[in-house]
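Visitor: The following block contains the structure, expressed as structure tokens.
The values are calculated or read from the model by the stated rules, or taken from the named source; none is laboratory data. Please read all numbers here as calculations on a predicted model, not as lab measurements. In this analysis, Cβ positions are derived from the backbone assuming ideal geometry, glycine residues included, and neighbour counts consider all displayed protein chains. Heads up: the accessible areas ignore ligands, DNA and RNA and are worked out on the full protein's heavy atoms, side chains in. Shrake-Rupley method; radii C 1.70, N 1.55, O 1.52, S 1.80 Å.
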Amino acid sequence: MTIITRFAPSPTGMLHVGNIRTALHNWMFAQKQGGKFLLRIDDTDGERSKQEYVDGIKADLTWLGLIWDGEERQSARFDLYERRFEELRGQGLVYPCYETPDELELRRKVLQGRGLPPIYERTALDLSDEERAAKETAGLRPHWRFKLDHDTPILWTDLVRGEVQFDAKTMSDPVIRRADGSWLYMLPSVIDDIDMGITHVVRGEDHVSNTAAQIQMFTALGAQPPHFAHEALLTGSEGKLSKRLGSLGVAHFREEGIEPMAVKALLARIGTSDPVIPATEIAPLIEGFDFSRFGRAPARFDEAELATLNQKILHHSDYAMVKDRLPAGIDAVAWAAIGPNITKLADVADWWAVVKGPVAVPSLEAEDKAFLGQAADAAAAMDWASDPWHALTNALKQGTERKGKALFLPLRLALTGMEHGPDMAALLPLIGKDEAVQRLKAGSL
Ligand code: GLU
């Protein structure tokens, strides 16, 4: 059996970190199983769905490297929904309802006031043909509900939550279609999952009660329900469901210089019993991906953790992994010198500018200037071939009284214009002899 998963965003906004996590897990699971990962655009809501969001979602998935094996759009599939809806109607498994939202709300309040669960009481099923005809003549159009089977217990073994059980009698028959004929999410999703041969539905635990109703829809449509994995939701670092998470997406990560790999490495592991690791490649994470490692407690997403992970991943990245995105002229040696000092890849350009110069001439005391004059002479006279930094500092240690900070800091200031930065032993060969001598001289004046 080929495993098929799907990521089914509604194109009514950009992906946020919670959606990205769902997409990632669907993709990883399919990768691990040698299966397929489909992108299903849930655009049944013609008013709120926008092409710019479809484009944006695809661009985000592409940036993350979550490449889909097939793509479908619900708006192109209305004929199929209509056909399957008619089948259910023929079997009396969907039924028309005429209550207004106000009537329904009032009824819910009455039930709650009596201490009863606010479940839809199937009043519409009691309508006679004449009563229905009268409503239609009066210009009323029905919305439609799916008739749950009250006699069959709903059971499934969730890949994250274990055994899950629902009693249909405690649930309202879900509305599946609005009075204007438009579809709500529930039924088209099931029709598509059947039609596309989805074997595993991976989504957030906010869908658990939908699943209970959808399992009966699968059965009603003559299909075996797929496997389900409902993951605990994300919370912010404060441990609360944070509003901020809803606005954090790829655009923000890019702005912050976060690597796609860092996003994946973090989202692959938070909420699981496995540690977050600074993986530079996705393969080992896919290898270890297992729904049984996911916990029931919310997964904490911490932006500071992401930033730290990003830095570690960059520090572990080989030249080959980053070379296409480095400023021209940076070779493996330059990457080895500069890489350990960056927090995001864009920092490389700043250090490269330091290597290439010009750098700010430091303002120093007369003594330090004199020292830099000596340093310039020593550098000019030195054999530059192997390890010029140690050769230079050793020569100066012997030729002056200086050591430690008094020795190193004026040199670093003159050579880079800064107090901190990459290891000078790695940087100095990149700066080169002539340029280094120039900078030391300039510092001595
Ligand atoms: N469009 C639905 C959502 O974004 C899909 C849910 C599902 O995966 O079935 O919530």
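Visitor: Can you list residue pairs whose Cβ atoms sit under 9 Å apart, with the first residue in segment 3-27 being on the phi < 0 side of the Ramachandran plot and open to solvent by less than 10 Å² (accessible area, probe 1.4 Å) and the second being away from the ligand (no atom under 11 Å from the Cβ) and polar (S, T, N, Q)? Count only pairs 6 or more apart in sequence or on different chains.
Guide: Thr5/Gln33; Thr5/Thr199; Pro11/Gln51
Visitor: Consider Gln216 against the criteria (1) closer than 21 Å to His25 by Cα; (2) touching a Leu at 6+ places or on another chain (Cβ under 7 Å): it satisfies all of them except one. Which criterion is unmet?
Guide: Unmet for Gln216, out of (1) closer than 21 Å to His25 by Cα; (2) touching a Leu at 6+ places or on another chain (Cβ under 7 Å): (1).
Visitor: Also, I was wondering about something else. Inspect all residues belonging to segment 364-378 and state whether any of them is at pLDDT below 95 and either open to solvent by less than 40 Å² (accessible area, probe 1.4 Å) or not in a helix (DSSP H, G or I) (or both).
Guide: yes
So that you can scan it fast, the table gives a plain yes or no per residue for (1) within 23 Å of Leu221 (Cα to Cα); (2) of a type in the set (D, E, K, R):
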position: Gly34; (1), (2): no, no
position: Ile41; (1), (2): yes, no
position: Thr44; (1), (2): yes, no
position: Val54; (1), (2): no, no
position: Arg84; (1), (2): yes, yes
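Visitor: Now for a separate question. Looking at (1) out of contact with any helix residue (DSSP H, G or I) (no Cβ under 9 Å at 6 or more places or on another chain); (2) away from the ligand (no atom under 15 Å from the Cβ); (3) under 18 Å from Val160 (Cα atoms), find the lone condition where Ser209 falls short.
Guide: If we test Ser209 against (1) out of contact with any helix residue (DSSP H, G or I) (no Cβ under 9 Å at 6 or more places or on another chain); (2) away from the ligand (no atom under 15 Å from the Cβ); (3) under 18 Å from Val160 (Cα atoms), just (2) comes out false.
Visitor: Quick check on Ser172: is it more than 12 Å from the ligand (Cβ to nearest atom), at pLDDT 95 or above and open to solvent by 50 Å² or more (accessible area, probe 1.4 Å)? Can you show your working first?
Guide: Working: more than 12 Å from the ligand (Cβ to nearest atom): yes; at pLDDT 95 or above: yes; open to solvent by 50 Å² or more (accessible area, probe 1.4 Å): no.
Judged against the criteria, Ser172 is not a match.
Visitor: Mind checking whether some residue in segment 43-65 is under 20 Å from Ala229 (Cα atoms) and within 15 Å of the ligand (Cβ to nearest atom)? Steps first, answer last, please.
Guide: Step one: of segment 43-65, the residues under 20 Å from Ala229 (Cα atoms) are none.
No, that holds for no residue.
Visitor: Right, next: Suppose we filter segment 289-303 for residues that are surrounded by fewer than 18 Cβ atoms within 10 Å (Cβ to Cβ) and either at pLDDT below 95 or touching a strand residue (DSSP E or B) at 6+ places or on another chain (Cβ under 9 Å) (or both); how many remain? Outline the logic, then answer.
Guide: Pass one, segment 289-303, residues surrounded by fewer than 18 Cβ atoms within 10 Å (Cβ to Cβ): 290, 292-293, 295-297, 300, 302.
Next, only the ones that are either at pLDDT below 95 or touching a strand residue (DSSP E or B) at 6+ places or on another chain (Cβ under 9 Å) (or both) stay: 290, 293, 295-297, 300, 302.
Within segment 289-303, residues that are surrounded by fewer than 18 Cβ atoms within 10 Å (Cβ to Cβ) and either at pLDDT below 95 or touching a strand residue (DSSP E or B) at 6+ places or on another chain (Cβ under 9 Å) (or both) number 7.
Visitor: Across segment 201-233, which residue is most open to solvent (accessible area, probe 1.4 Å) among those that are part of a loop (DSSP other than H, G, I, E, B) and small (Gly, Ala, Ser)?
Guide: Of the residues in segment 201-233, the ones part of a loop (DSSP other than H, G, I, E, B) are 221-226, 232-233.
Filter once more, so that each one left must be small (Gly, Ala, Ser): 222-223, 232.
On the way: Gly222: 73, Ala223: 24, Ala232: 6 Å².
So, considering only residues that are part of a loop (DSSP other than H, G, I, E, B) and small (Gly, Ala, Ser), the one most open to solvent (accessible area, probe 1.4 Å) is Gly222.
Visitor: Restricting attention to segment 111-133, does a residue exist that is on the phi > 0 side of the Ramachandran plot and surrounded by 13 or more Cβ atoms within 10 Å (Cβ to Cβ)?
Guide: For segment 111-133, residues on the phi > 0 side of the Ramachandran plot and surrounded by 13 or more Cβ atoms within 10 Å (Cβ to Cβ): present.
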